[in-house]
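Chemist: Attaching a single structure in structure tokens format; questions to follow.
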Number of protein chains: 2
Amino acid sequence: MSEDERLTELAKRRGFFFQSSGAYGGVAGFYVYGPEGATLKENLQDAWRDRFVRREGHMEIESPAIMPEPVFEASGHLDGFDDMIVECPECGASHRADHLVEDETDIEEAESIAIPDIEALIAEHDLVCPSCGTALAGESVEDFNLMFGTNIGPGSSSPGYLRPETAQGIFVEFPRLKEYARGQLPFGVAQIGAAYRNEISPRKGLVRLREFAQAELEHFVDPETDEPPLERVADVEVTLYSAAEQEDADGEPRTMTVREAVDAGVVGSDWVAYYLGVAQGWYERVGVDMDRFRYRQHQSGELAHYAADCWDAEAEVGGDWIEITGFAYRGDYDLSKHAEYGDDDFTIFKQYDDPVTVETATVDPDMSYLGPEFGGDAGAVKDALEDLAERDRSAFESDEVTVAVDGEDRTVPVEKTGFAVEEVTEAGEHVTPHVVEPSFGVDRIVYTVLAHGLRTDEAGETVDEGGGSGAEPSGEEADDGEERTVLSLPPEVAPTGVAVFPLMDKDGLDERAREIAEGLRAAGFEVAYDDSGSIGRRYRRQDEVGTPFCVTVDYDTLEDGTVTVRDRDTTAQARVGTDDLAGTIGDLLTGDRTVADF
Amino acid sequence: MSEDERLTELAKRRGFFFQSSGAYGGVAGFYVYGPEGATLKENLQDAWRDRFVRREGHMEIESPAIMPEPVFEASGHLDGFDDMIVECPECGASHRADHLVEDETDIEEAESIAIPDIEALIAEHDLVCPSCGTALAGESVEDFNLMFGTNIGPGSSSPGYLRPETAQGIFVEFPRLKEYARGQLPFGVAQIGAAYRNEISPRKGLVRLREFAQAELEHFVDPETDEPPLERVADVEVTLYSAAEQEDADGEPRTMTVREAVDAGVVGSDWVAYYLGVAQGWYERVGVDMDRFRYRQHQSGELAHYAADCWDAEAEVGGDWIEITGFAYRGDYDLSKHAEYGDDDFTIFKQYDDPVTVETATVDPDMSYLGPEFGGDAGAVKDALEDLAERDRSAFESDEVTVAVDGEDRTVPVEKTGFAVEEVTEAGEHVTPHVVEPSFGVDRIVYTVLAHGLRTDEAGETVDEGGGSGAEPSGEEADDGEERTVLSLPPEVAPTGVAVFPLMDKDGLDERAREIAEGLRAAGFEVAYDDSGSIGRRYRRQDEVGTPFCVTVDYDTLEDGTVTVRDRDTTAQARVGTDDLAGTIGDLLTGDRTVADF
């Protein structure tokens, strides 16, 4: 089995994730997180919130997934958020044309190829429908908009769309959010939530979903004066696969510190570099194998037209590199678009240290002269004079001034223009903030963490199956050498923190074990209780879902108040007291102590 | 200002919630949670998860909001999930017809009145369009389906809908979820997430949204053998407004224990009674004022046809009682419907303690006789014989047996029917579980908790504004008697746990204060930092957003390492050491200690 297949099998069997609506044949691109997966995802999101919101001092909001049409006219999604679709003339199946080309040729990143060229490539390479084998040469390739549409309220007069990214919910609300930041840059606003893309042909489980979760941070900065606290991450080592290295046949990802990357100009934006450094530590914290990780720069063809520099965090799973986060310097694109289409103030008023006095040239034309002289063009002449005064006040230095209206020169005596130069005191200026955006794909990170944590090894451990004759586990039924599947998740993200087992489901062991489980639950831990099958089997069950520690209650527990605690990764065991078991488990989960310390 | 207006003003100004897409004119029924509101909502959901999932030992899943059409054919939502709409012939505005009747007449619960009667009431009471005043008499009232529809994938061949409740995502996945419960009843599955209802005329902010959050628990039980652990909540006092009391002109809500309610038959289902008891403590824990709270039983007209008993938790806000949770015993309705429409096993196999041997009557008709005898009806005769054998084996005791096919009697010699009685040993039986459902409206609970926590009082406190001359606050600028707005949220749900202020933004006080804020953040607290304006003003800001404790760093801090800690509700202050400030704040937040203890 491939890594993806092994993971998908485990995920379905043990309740991490599976395709939704199976009783109705399933729907491609929609997955359910089962009990283990939902908790893992929630824990990952909490870890993200801790690092990118709480520790950075940013805000978090929650905005609706349905937004009205004008929002996406402004954002450009209605017009340009398309994939290329080709329909099979025989079976009617729809396919993503650029993916067909990538799958069947040596071409990469076919997404940036123009439609006529894709059509030519389909013909040239004799590509066929993957569903039925019919030749696709000559079939037209079309743009397909990826937005899910709906109607708000009765009738069809208020179209709405499910947001394709959580970010728009932040940009649109900027005029209010800036008030919560008391009008001061820089500030960051985060959102964790669902986003929707009507993919033509979703594939590979959690990697390309139609409904997915994003954790996005929009950091609004003054491009002239704000700088990131780069020193906090200057020494963090990152593996960078730059556009230049990608274009070079011998190019390789290179490892360097964030400081080196900035100094050498490998990462163009200090803000992007800062977040690459911050995120590096976070991926490691949540269980990404950093030997199967890199930052890859977008090549020029991939870059959105507004993005100055963009890097993807990529993780290797099953031999493929998958994008798990995008880091973009988006400039003022988003806020400027909403300022243009929306009716509100998308700028920050930046106060000068001292008010500035500037000379401003103005006109106040005598319309009783312009009217008779220029008739219907009088208004246009006035506008042209205003423009000219702003642009070139020297034009008003002679007796007459000439402006062009509809390609015709119009000459006006300066005395009729009301030209004047005034001194104006300005307390500050309106600035449209720039945006730095780290955008995390939560589902793909869940998938990566599971894939990177999954391993098979030999247990090589001794299991107490009922003897309980002494302080040490007696190991009557050793299962050394048995193969086991282990999910080595960091305790912070593991769905269950600790499992509690009664050695036997009798003699009061079950009651004592339930008490202990309740006590740990009340202390805030995620606790599993299992009384079914041998202790060895119960260990295996917990290993498979990544539970870091197991507690077994045996006959000694009733006598001396100790239990066996067993470590998932090392399979080491120790007897510990139950007096402060919650404290002990807490220390083990944070890594302050290990089982070997007891 | 009314309570609702005061709350809405505070919510918008301080970042709890506001209508979305304001720059595009806003969209009714869609709200944004600002930074304070998003955290409050998240904290409420965590408290729910702790109580209804972790502490009860249930599972939690996360399923997609978009589901395919067959799911809602099965659930009945496509057919029957309607509100009554009437359109104004003059201005075209759409209104909810039953609400118009309720608003303008003495009639309550108009939702359960039939459409022709609603039309008659509109005419009889001369109701007019609330938007333009045009008479609505004679206008037709129609059913309007509340589902948001969309299309999945290219083309329109796969319609999908946004779920109107998170519950369907649990019911549909039951065949897999039961595996995670190892096929054993009872077990509970919870989901917290977005649901969507295309309301005709949303109103009252968070109370009637088109996109809203639910926290639902579906507890699957064996109706014959499973019983709730009623003893855990038997002594909890609940205020019950029964259907009988509602129908009685002098009827009143009555307070009694859960045990009394069950014994007196006021609550018909033990399971519903159990969850009323559990939820009672939870509402109190998260800040619902239990003097403005009641459980109200559905009257017979309100009950869904499948629900045996249903109670709403209601909270009073601004003079109205709003439903914040529904508790329903849904029987086997949901699973049976999906078993009928879907292709999977929605039962639990219930093993008998000992295998049971039963006699089964079967037929195996001789088709070479039935064919010539009955022609095209032979198959129907065979089916009728099978039914009869199952139903009444005595019919096969004579020589001939007669069955009716299409209203015509058909007689068959028993020897040609292959009638036999067999002994079959059965290990168990398939049971369709019943469902107990507590369904919480998260947004309405946020709204209630804010409304019930909001109060205005006189500060009556002494504020140290810069003296810092001794161990006690010196109070140079007292602001006794100033009116203050306080949001008395329980610390568990308050968006910010602690605020840190430097007395002055200089002399190293700011650096020390930032260090302290960072330390508290690293310890996991939600921390606000504020260095702007007088300390009194900063207290007011934190009071308004419900921050339980404020820490002020002053000149003494630099000398003796103590800070002033101030309590939101009492405004009491104390000097505490910074050595274990995180421990101190932790104790204050959990209530283990109070400011008066220092």
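Chemist: Looking for something within 15 Å of B:Asp83 (Cα to Cα) and not assigned by TED's automatic domain parsing to the domain that holds B:Phe220 - is there at least one such residue anywhere in the stretch B:131-138?
Modeler: Within the stretch B:131-138, not a single residue is within 15 Å of B:Asp83 (Cα to Cα) and not assigned by TED's automatic domain parsing to the domain that holds B:Phe220.
Chemist: Among (1) at pLDDT 95 or above; (2) hydroxyl-bearing (Ser, Thr, Tyr); (3) more than 18 Å from A:Pro495 (Cα to Cα), which single condition is A:Tyr539 missing?
Modeler: Of the numbered conditions (1) at pLDDT 95 or above; (2) hydroxyl-bearing (Ser, Thr, Tyr); (3) more than 18 Å from A:Pro495 (Cα to Cα), the odd one out for A:Tyr539 is (3).
Chemist: When the stretch A:541-572 is examined, which residues are found to be of a type in the set (S, T, N, Q) and buried (at least 23 other Cβ atoms within 10 Å of the Cβ)?
Modeler: Result: A:Gln542, A:Thr547, A:Thr552, A:Thr557, A:Thr564.
Chemist: Going by the conditions given, is A:Arg294 touching a strand residue (DSSP E or B) at 6+ places or on another chain (Cβ under 6 Å) and either open to solvent by 20 Å² or more (accessible area, probe 1.4 Å) or closer than 29 Å to A:Glu42 by Cα (or both)?
Modeler: Taking the combined requirement at face value, the residue satisfies it.
Chemist: Hey, another quick one. Cβ-Cβ distance below 8 Å, separation of 6 or more or different chains: which pairs start in the stretch A:338-365 with a residue that is over 29 Å from A:Ala420 (Cβ atoms) and end on one that is open to solvent by less than 80 Å² (accessible area, probe 1.4 Å) and part of a strand (DSSP E or B)?
Modeler: Close Cβ pairs (under 8 Å, with a partner that is open to solvent by less than 80 Å² (accessible area, probe 1.4 Å) and part of a strand (DSSP E or B)) amount to A:Ile348/A:Phe220; A:Ile348/A:Val431.
Chemist: Of the conditions (1) open to solvent by less than 20 Å² (accessible area, probe 1.4 Å); (2) facing chain A (nearest Cβ under 10 Å), B:Ala28 fails just one. Which one is it?
Modeler: Going through (1) open to solvent by less than 20 Å² (accessible area, probe 1.4 Å); (2) facing chain A (nearest Cβ under 10 Å) one by one, B:Ala28 breaks only (1).
Chemist: If you go through the stretch A:193-204, how many residues are more than 9 Å from every other protein chain (Cβ to nearest Cβ) and open to solvent by 20 Å² or more (accessible area, probe 1.4 Å)?
Modeler: Of the residues in the stretch A:193-204, 3 are more than 9 Å from every other protein chain (Cβ to nearest Cβ) and open to solvent by 20 Å² or more (accessible area, probe 1.4 Å).
Chemist: Also, I was wondering about something else. Can you run down the residue pairs with Cβ atoms below 9 Å, 6 or more apart or on separate chains, where the first is in the stretch B:429-440 and more than 18 Å from B:Glu165 (Cα to Cα) and the partner is open to solvent by 20 Å² or more (accessible area, probe 1.4 Å) and basic (Lys, Arg)?
Modeler: B:Glu429/B:Lys350; B:His430/B:Lys350; B:Val431/B:Lys350; B:Pro433/B:Lys178
Chemist: If you don't mind, another one. Examine the stretch A:280-287 for a residue that is over 30 Å from A:Tyr196 (Cβ atoms) and open to solvent by less than 30 Å² (accessible area, probe 1.4 Å), and state whether such a residue exists.
Modeler: No: zero hits.
Chemist: Moving to a separate point now. Report, by residue number, each residue of the stretch B:140-152 that is open to solvent by less than 60 Å² (accessible area, probe 1.4 Å) and either assigned to a strand (DSSP E or B) or away from chain A (no Cβ under 14 Å) (or both).
Modeler: B:Val141, B:Phe144, B:Asn145, B:Gly149, B:Thr150
Chemist: Could you tell me whether the stretch A:184-198 includes any residue that is of a type in the set (Lys, Arg) and on the phi > 0 side of the Ramachandran plot?
Modeler: No, that holds for no residue.
Chemist: Within the stretch A:462-514, how many residues are basic (Lys, Arg), modelled with pLDDT under 95 and crowded, with 17+ Cβ neighbours inside 10 Å?
Modeler: Final tally of qualifying residues: 1.
Chemist: Quick one: count up the residues across the stretch B:1-23 that are open to solvent by less than 40 Å² (accessible area, probe 1.4 Å) and either touching a Pro at 6+ places or on another chain (Cβ under 8 Å) or more than 8 Å from every other protein chain (Cβ to nearest Cβ) (or both).
Modeler: The number of residues fulfilling the criteria is 10.
Chemist: Would you mind stating whether B:Ala380 is small (Gly, Ala, Ser), part of a strand (DSSP E or B) and under 51 Å from the mean Cα position of the chain (by Cα)?
Modeler: No.
Chemist: Please go through the stretch B:153-168 and pick out each residue that is touching a helix residue (DSSP H, G or I) at 6+ places or on another chain (Cβ under 9 Å), in a loop (DSSP other than H, G, I, E, B) and within 8 Å of chain A (Cβ to nearest Cβ).
Modeler: B:Ser158
Chemist: I need the full set of residues from the stretch B:108-132 which are among the small types (Gly, Ala, Ser) and surrounded by 19 or more Cβ atoms within 10 Å (Cβ to Cβ), in order please.
Modeler: B:Ala110
Chemist: Taking the stretch B:176-192 as the region of interest, how many residues are assigned to a helix (DSSP H, G or I) and open to solvent by less than 10 Å² (accessible area, probe 1.4 Å)?
Modeler: The total comes to 1.
Chemist: Related question: Filter the stretch B:172-192 for residues that are out of contact with any Phe, Trp or Tyr (no Cβ under 8 Å at 6 or more places or on another chain) and more than 9 Å from every other protein chain (Cβ to nearest Cβ) and give the result.
Modeler: B:Gln184
Chemist: Let me ask another. Restricting to the stretch A:383-420, what's the tally of residues that are within 11 Å of A:Asp366 (Cα to Cα) and assigned to a loop (DSSP other than H, G, I, E, B)?
Modeler: Counting residues in the stretch A:383-420 that are within 11 Å of A:Asp366 (Cα to Cα) and assigned to a loop (DSSP other than H, G, I, E, B) gives 3.
Chemist: Something else about it: So which strands (runs of 3 or more DSSP E) are wholly in the stretch B:199-305 and hold at least 2 residues that are within 20 Å of the chain's Cα centre (by Cα)?
Modeler: Once the strands (runs of 3 or more DSSP E) in the stretch B:199-305 are filtered for at least 2 residues that are within 20 Å of the chain's Cα centre (by Cα), what remains is B:211-221, B:237-241, B:293-297.
Chemist: Out of curiosity, is B:Val86 in contact (Cβ under 8 Å) with a residue 24 or more places away in the chain and more than 7 Å from chain A (Cβ to nearest Cβ)?
Modeler: yes
Chemist: Are any residues in the stretch B:348-392 over 20 Å from B:Pro413 (Cβ atoms) and crowded, with 18+ Cβ neighbours inside 10 Å, and if so, which ones?
Modeler: B:Ile348
Chemist: So which residues in the stretch A:207-237 are more than 12 Å from chain B (Cβ to nearest Cβ) and surrounded by 22 or more Cβ atoms within 10 Å (Cβ to Cβ), if there are any at all?
Modeler: A:Ala215, A:Glu216, A:Leu217, A:Glu218, A:His219, A:Phe220, listed by residue number.
Chemist: Report yes if B:Ile61 is open to solvent by less than 30 Å² (accessible area, probe 1.4 Å), facing chain A (nearest Cβ under 10 Å) and under 20 Å from the mean Cα position of the chain (by Cα), otherwise no.
Modeler: yes
Chemist: Against the condition farther than 30 Å from B:Val27 by Cβ, at pLDDT 90 or above and open to solvent by less than 80 Å² (accessible area, probe 1.4 Å), how does A:Gly331 come out, does it pass?
Modeler: No; evaluated as a whole, the condition is false for this residue.
Chemist: Going by the structure shown, is A:Arg49 surrounded by fewer than 23 Cβ atoms within 10 Å (Cβ to Cβ), within 7 Å of chain B (Cβ to nearest Cβ) and under 20 Å from the mean Cα position of the chain (by Cα)?
Modeler: When the stated conditions are applied, A:Arg49 does not pass them.
Chemist: Filter the stretch B:542-558 down to the residues that are of a type outside the set (A, V, I, L, M) and within 18 Å of B:Ser488 (Cα to Cα) and list them by number.
Modeler: Of everything in the stretch B:542-558, those that are of a type outside the set (A, V, I, L, M) and within 18 Å of B:Ser488 (Cα to Cα) turn out to be B:Gln542, B:Asp543, B:Glu544, B:Gly546, B:Thr547, B:Pro548, B:Phe549, B:Cys550.
Chemist: Return the only residue of B:Ala261, B:Ala195, B:Ala215 being among the hydrophobic types (A, V, I, L, M, F, W, C) and free of Cβ contacts under 8 Å to residues at least 60 places away in the same chain.
Modeler: Exactly one residue qualifies, and that residue is B:Ala261.
Chemist: Now for a separate question. If you scan the stretch B:515-528, which residues turn out to be more than 10 Å from every other protein chain (Cβ to nearest Cβ), open to solvent by 30 Å² or more (accessible area, probe 1.4 Å) and within 39 Å of the chain's Cα centre (by Cα)?
Modeler: Listed by number, the residues that qualify are B:Gly519, B:Ala523.
Chemist: So is B:Ala93 away from chain A (no Cβ under 14 Å) and at pLDDT below 95 or not?
Modeler: Judged against the criteria, B:Ala93 is not a match.
The values are calculated or read from the model by the stated rules, or taken from the named source; none is laboratory data. The model shown is predicted, which means the values in this text are computed figures rather than measured ones. Cβ sites come from the backbone with ideal geometry, for glycine too, and all protein chains shown count toward neighbours. Side chains included, ligands, DNA and RNA excluded: accessible areas come from the protein's heavy atoms. Shrake-Rupley method; radii C 1.70, N 1.55, O 1.52, S 1.80 Å.
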